[in-house]
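**Q** Right, I'll just put the structure down here and ask away after.
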Amino acid sequence: MTKLLTFLLLVTLLHCNLAIAQSPSDYLPEKPGKWSYSNNITSTEAEYIAFSKVIASLAEWFHVNIPILKNPKGFDLASTTYGGWDKYYKMNDCNYGLRTELDFGFQLFFSAGGKRTIEPPHYSFGINNTEDGHGSNANYPYFDELKDDPGVEKAINEASIKMNGVFMVYPFVKALAPGVNLYDCENGGCGTVVVFNPERPDFWIPVTVGEMAEMHLQYYKLRNQIEMDRLLLEQLQKEISELPEEELKAPAFSGHDEHFVLKVNGKREGLQLMRFNPAYWNRGLPNTAIQFMTFYYPQMDEVALAESYKNNGHPFYSQLLVNEIDWVKLSEILQK
């Protein structure tokens with residue numbers, strides 16, 4: 001009987017929590033909330049301790065300069081920092097600054113009591129992250145100890161790093177301020193904003209079709225342990241031989257109507273392929289310095305915003321937040 005009662009109590013509590021989570025239209029938009037900041041970077045290394053202080057200062061900048069964060073209403077604002085390193089990311093010479101993201105969680109108040117603290121509406125942006133602000137990086141496997149030759153582990157990882165360091169770039173729209181570029185990702189429905197130091201070299205640099213061909217050759221020559229990989233290498237060599245010299249010298253764009261290994265072209269069809277420029281970083285600064293930021297930039301029209309409110313019962317906070325950012329002031333942080 002005790003177990004049954006315990007089970008029924010748990011089911012009741014779960015039902016209540018789900019009811020709160022599924023009733024956003026009952027939230028209290030005018031109830032004053034509070035700001036909080038927490039750091040989830042757990043490393044005790046000196047550089048991460050210093051980095052945590054830098055990010056805490058940046059979080060406070062947003063707290064002071066963004067009205068809906070400075071005076072929360074309808075929610076408690078939980079600001080959180082997360083770490084973002086892995087061993088392969090660190091191996092790439094284009095990655096210098098320590099990277100992280102800053103997340104703003106809008107923990108909504110409800111008239112029934114409680115608040116949404118599990119998966120609340122939230123907004124986050126990237127700091128010193130070279131894999132943000134553009135299309136996805138490629139995903140070619142690194143060394144696999146179960147099937148790859150241990151003697152070429154370093155070579156395979158280096159080849160994979162080069163392949164995975166290439167990405168598609170969305171069309172440039174305009175500069176929102178000096179050192180603040182807006183790129184279109186869905187034909188006007190949203191975009192990405194890159195905040196950078198305009199006094200530094202370009203942060204993205206193009207790759208040619210020939211460079212892409214060479215990267216693919218180096219990668220697939222090392223991947224020769226199974227028949228499928230050897231067949232892919234043969235197909236790649238055939239595809240490269242079909243490309244005229246002038247196209248090999250041209251900037252690479254994504255996609256090819258006939259090739260399925262080297263899926264790039266030099267005819268300006270599709271999105272342009274780029275890689276992050278190692279020379280962009282000011283390596284005279286510590287790797288804890290903020291030198292690069294990337295933001296999701298939603299810009300729904302009034303009809304879409306009204307539909308979002310109807311479906312969710314609360315404003316689209318991501319768009320409210322980015323619309324309150326003073327991009328000129330924010331860009332000055334990177335130019336000091």
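The values are calculated or read from the model by the stated rules, or taken from the named source; none is laboratory data. Quantities reported herein were computed from a predicted structural model and do not represent experimental measurements. Note that each Cβ is placed from the backbone with ideal geometry, even for glycine, and that neighbours are counted across all protein chains shown.
**Q** So, in region 223-241, how many residues would count as being touching a residue at least 12 places away in the same chain (Cβ under 8 Å) and loosely packed, with under 11 Cβ neighbours inside 10 Å?
**A** Final tally of qualifying residues: 1.
**Q** Still on this structure: Got a sec? Which of Gly105, Gly83 is touching a strand residue (DSSP E or B) at 6+ places or on another chain (Cβ under 8 Å) and closer than 29 Å to Pro141 by Cα?
**A** Numbers: Gly105 fails: closer than 29 Å to Pro141 by Cα.
After applying the criteria, what remains is Gly83.
**Q** Output yes when any residue across region 302-312 is among the acidic types (Asp, Glu) and closer than 25 Å to Ala78 by Cα, and no when none is.
**A** Step one: of region 302-312, the residues among the acidic types (Asp, Glu) are 302, 307.
Going one step further and asking which of them are closer than 25 Å to Ala78 by Cα, we end up with none.
The answer is no; no qualifying residue exists.
**Q** On the given criteria, is Lys115 closer than 30 Å to Gln225 by Cα, surrounded by 16 or more Cβ atoms within 10 Å (Cβ to Cβ) and touching a residue at least 24 places away in the same chain (Cβ under 8 Å)?
**A** No, not satisfied.
Every residue, every condition in (1) outside the structural domain of Ile325 (by TED's automatic domain parsing); (2) at pLDDT below 90; (3) under 23 Å from Gln291 (Cα atoms), yes or no:
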| residue | (1), (2), (3) |
| --- | --- |
| Cys16 | no, yes, no |
| Trp35 | no, no, no |
| Thr42 | no, yes, yes |
| Ala50 | no, no, yes |
| Ile66 | no, no, yes |
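**Q** Condition test on Tyr82, is it part of a helix (DSSP H, G or I) and touching a residue at least 24 places away in the same chain (Cβ under 8 Å)?
**A** Taking the combined requirement at face value, the residue does not satisfy it.
**Q** Tell me yes or no: at least one residue of region 144-157 is under 22 Å from the mean Cα position of the chain (by Cα) and not in a strand (DSSP E or B).
**A** Within region 144-157, the first condition is being under 22 Å from the mean Cα position of the chain (by Cα), and the residues that meet it are none.
Checked against the condition, which is being under 22 Å from the mean Cα position of the chain (by Cα) and not in a strand (DSSP E or B), region 144-157 yields no hits at all.
**Q** Looking only at region 88-139, count every residue that is more than 26 Å from Pro32 (Cα to Cα) and either among the hydroxyl-bearing types (Ser, Thr, Tyr) or assigned to a loop (DSSP other than H, G, I, E, B) (or both) and tell me the total.
**A** Narrowing region 88-139 to residues more than 26 Å from Pro32 (Cα to Cα): 88-101, 126-139.
Then keep just the ones that are either among the hydroxyl-bearing types (Ser, Thr, Tyr) or assigned to a loop (DSSP other than H, G, I, E, B) (or both); that gives 88-89, 92-100, 128-136, 138-139.
Looking only at that region, the number is 22.
**Q** Do we have any residue at all in region 122-139 that's of a type in the set (Ser, Thr, Tyr) and at pLDDT below 90? Spell out how you get there, then give the answer.
**A** Looking only at region 122-139, we keep the residues that are of a type in the set (Ser, Thr, Tyr), and these are 123-124, 130, 136.
Filter once more, keeping what is at pLDDT below 90: 136.
Yes, region 122-139 has at least one match.
**Q** Now, a different point. Run Tyr220 past the list (1) among the aromatic types (Phe, Trp, Tyr); (2) in contact with an Asp or Glu (Cβ under 7 Å, 6 or more places away or on another chain); (3) closer than 30 Å to Phe172 by Cβ and report the number of the one that doesn't hold.
**A** Only one criterion is unmet by Tyr220, namely (3).
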